[in-house]
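The values are calculated or read from the model by the stated rules, or taken from the named source; none is laboratory data. As the structure is a computational prediction, the values presented were derived from the model and not from experiment. Cβ sites come from the backbone with ideal geometry, for glycine too, and all protein chains shown count toward neighbours. Just so you know, the surface numbers come from the protein's heavy atoms only, side chains and all, with ligands and any DNA or RNA stripped out. Shrake-Rupley method; radii C 1.70, N 1.55, O 1.52, S 1.80 Å.
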Amino acid sequence: MDSLDSFNTSEKAEATELQRLIAVEQQKAQFQAQVHSFTDVCWDKCVDSPGSKLDYRTETCLVSCVERFIDTTLTITNRFTQMVQKGTQ
């Protein structure tokens, strides 16, 4: 039995929209958590001592670290998506 069965059409539409908005906010929160995570990891890996500006080595390290983190996250996400799609077919 669908949890929306007791609602009228308007209420069902509102509940569906609310569920969609909640899902979007959850995705935003996950994204923010990922940004926080790779900021921590890359900062600890690349920054020896903070100064008034980043030197070339530190900047290059941070850029490379973030790019690797993003590439890895996308690869894992794509792999899980493929697994889910294969499981639903």
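Data overview
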item	result
Residues located in the stretch 31-52, provided they are of a type in the set (S, T, N, Q) and surrounded by 10 or more Cβ atoms within 10 Å (Cβ to Cβ)	GLN32, GLN34, SER37, THR39
Hits in the stretch 34-55 (condition: of a type in the set (Ser, Thr, Tyr) and closer than 20 Å to ARG68 by Cα)	SER37, THR39
Candidates GLN26, GLN85, GLN32 - the one that is modelled with pLDDT under 85 and not small (Gly, Ala, Ser)	GLN85
Test: residue in the stretch 53-65 that is of a type in the set (Phe, Trp, Tyr), open to solvent by 90 Å² or more (accessible area, probe 1.4 Å) and without any contact (Cβ under 8 Å) to a residue 40 or more places away in the chain	yes
Residue check for CYS61: touching a Cys at 6+ places or on another chain (Cβ under 6 Å) and closer than 20 Å to GLN32 by Cα	no
Count - residues of the stretch 66-83 that are open to solvent by 90 Å² or more (accessible area, probe 1.4 Å), among the hydrophobic types (A, V, I, L, M, F, W, C) and either touching a helix residue (DSSP H, G or I) at 6+ places or on another chain (Cβ under 9 Å) or more than 16 Å from PHE31 (Cα to Cα) (or both)	2
